[in-house]
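In what follows, a single structure is set out as structure tokens and then discussed.
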Amino acid sequence: MVNYKIADESLAEKGKEALYIAENKMPVTAKVIRERFSKEKPLKGITIAGCLHVTKETGNLARTLKAGGAEVYLCGSNPLSTQDDVTAALVQEGINIFAWHGNTDEEFYWCIRQCLKAKPNILIDDGADMIVTAHKEFPELIESGTILACQEETTTGVKRFKAMDKQGVLKVPLFPVNDARCKNQFDNELGTGQGVVSAIFGMHVLFAGKKVVIAGYGHCSSGMALRARGLGANVIVTEVDPIKALQAVFAGYTIKPIKETLEEADIILTATGCKHVIPPKNEVFDKLKDGIILGNLGHFDIEIPTKELYEYAKEIKPIRSDVEELLMPNGKKIYLLAKGRLANLVLSEGHPSEVMDMSFGLQSLMSEYIVKNKDKLKPGMIDVPVDIDDQVGLLKLQSMGVEIDKLTEEQYNYIHGYEEGT
Ligand SMILES: NC(=O)c1ccc[n+]([C@@H]2O[C@H](COP(=O)([O-])OP(=O)(O)OC[C@H]3O[C@@H](n4cnc5c(N)ncnc54)[C@H](O)[C@@H]3O)[C@@H](O)[C@H]2O)c1
């Protein structure tokens, strides 16, 4: 029996089309690994719960895990990112899902709890909410060894787990899949980078000639700065890390403290993983340029002080799907994308399937790795093994028909030795 609560089962046909489109662009996850998993069933008898953005790409990850023999449960990792047509199609395929677009905070955690009640052996999280809930409310799953290990998909989640580990309260083996090279060097940079397009979708705005402020110059934000510049914008970067700021300077961007950008910025896009990147003060809001577009691509909706902006606004008017016009006390208008939540997932479809192919190839192979090594894993943070990272990279290259060189034995010994010098 399939367990589920979704928005609308009648959307299944549309969802199947979306899953098909993604599948064809995900040769690593949805073809090579899935075909092998179908034959070998490495996940037989295992229940996997994913707290992920339930998109057409995540649907294909779920199908691959199921092909490997797993019982799969999914819930959303953001109240606004679930694609309701995809959930309808997946339920028909026997994937257990508790997710719908626009759920409340209370419903969000209810969905997580439904997945944890299934007593999963592997948790795949995006932002840490499911694994933290398991620690707080389902400790028996950890103490009994039901949970073998967990995987984390995004930077914000990894940071939360590092903090838990440091305080000695992380009780499960935790693989920060986000930190694998095949993940954050592609998914974060290319996927979120291309996410600037969400601001265009949101307001149908021309980037050329605009002053676009990108908060942060990390994996996601450096990609966003590059794409915004490519569209002809004058890009200003803000940072708190001196080395990242230097990288941005040498890449040719203007760097300023955020407060100095407020009066000139036409668009501000954040992706820092930090809170209150725009200070939550009325005098700061007063300075924002009339007609400014504010969008966030970081994990939580606190980079732009959404709550404080709503409180200060005289009027909040939805002007199109997931875009609001805030009329401020000084008469200026602010356009807020996606209620301050991940604009690329809310206003668009999230990362293109091609990049999620690598992230979810890693998640698939790591699920298999956990099952194979379950008796050796200890609580705490454990890096994704380099050979799994390399394997996903090689599979991706092969799927693209790209060949690379291989070290000869002599070359290998040279770069790993010290004998040969001047
Ligand atoms: N939208 C998406 O689809 C998507 C995809 C991947 C990651 N994310 C999220 O995006 C966020 C960033 O991830 P990342 O991988 O780029 O992290 P990162 O650590 O590589 O980069 C973050 C950068 O922001 C800078 N920063 C921190 N606080 C700042 C502040 N107050 N002002 C200016 N700069 C500041 C940091 O110094 C760092 O350089 C995280 O919340 C992550 O979970 C979103």
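Output the relative contact order of the chain, whole-number percent, from Cα pairs under 8 angstrom with separation of 6+ residues.
Contact order relative to length: 16 percent.
Ranking request for peptides 162-170, 143-151, 256-264, 269-277: highest mean number of other beta-carbon atoms within 10 Å first, then the rest in descending order.
Packing proxy ranking, top to bottom: 269-277, 143-151, 256-264, 162-170.
On a C-alpha basis, how far is the centre of region 297-342 from the centre of region 1-23 in Å? Whole number, if you could?
Between the Cα centre of region 297-342 and that of region 1-23, the gap is 31 Å.
So if I take the centroid of the Cα atoms in region 389-405 and the same for region 77-98, what is the distance between those two points in Å?
31 Å
Expressed in nm to one decimal, what extension gain is obtained for the pair Glu143 and Glu13 from 0.36 nm per residue of sequence separation less their Cα-Cα distance?
42.6 nm
Using the Cα atoms of the chain, I'd like the radius of gyration and the largest Cα-Cα distance, Dmax, both in angstrom.
That works out to 22.2, 73 Å for Rg and Dmax.
Could you give the nm distance between label points at Asn373 and Glu325, where each point is 7 Å from its Cα heading toward the beta carbon?
So the two model labels end up 5.5 nm from each other.
Report the relative contact order of region 196-346, percent, no decimals, based on alpha-carbon pairs under 8 angstrom and at least 6 residues apart.
Relative contact order, region 196-346: 21 percent.
Going down the list Lys117/Lys372; Lys183/Lys406; Lys117/Lys378; Lys56/Lys244; Lys289/Lys314, which pairs span over 27 Å between their C-alpha atoms? Don't skip to the end; give the middle numbers.
Working: Lys117/Lys372 24 Å; Lys183/Lys406 23 Å; Lys117/Lys378 23 Å; Lys56/Lys244 33 Å; Lys289/Lys314 16 Å.
From the list (Lys117/Lys372; Lys183/Lys406; Lys117/Lys378; Lys56/Lys244; Lys289/Lys314), the Cα-Cα distance tops 27 Å for Lys56/Lys244.
Are there trypsin sites (Lys or Arg not before Pro) in region 38-94 that DSSP marks as loop and that have at most 14 other Cβ atoms within 10 Å, and which are they?
Within region 38-94, the qualifying trypsin sites (Lys or Arg not before Pro) (loop, at most 14 other Cβ atoms within 10 Å) are Lys44.
Per the helix-only calculation at 222 nm, which mean residue ellipticity applies to the chain, given -39500 (n - 2.57) for every DSSP H run of n ≥ 4 and division by its residues, nearest 500 deg cm²/dmol? Don't skip to the end; give the middle numbers.
Numbers: 17 runs with 167 residues, N = 422.
Value at 222 nm, helices only, nearest 500: -11500 deg cm²/dmol.
Over all alpha-carbon pairs in region 196-346, figure out the percentage whose distance exceeds 23 Å.
Tail of the P(r) past 23 Å holds 27 percent of the pairs.
Taking the Cβ of Ala228 as the centre, find all other residues whose Cβ is under 14 Å away and add up their charges (Lys, Arg: +1; Asp, Glu: -1).
Net charge around Ala228: +2.
Values in this text are rule-based calculations from the coordinates and carry no lab data. Source: prediction; values computed, not measured. Heads up, the Cβs are rebuilt from the backbone with ideal geometry, glycines too, and the neighbour counts pull from every protein chain shown.
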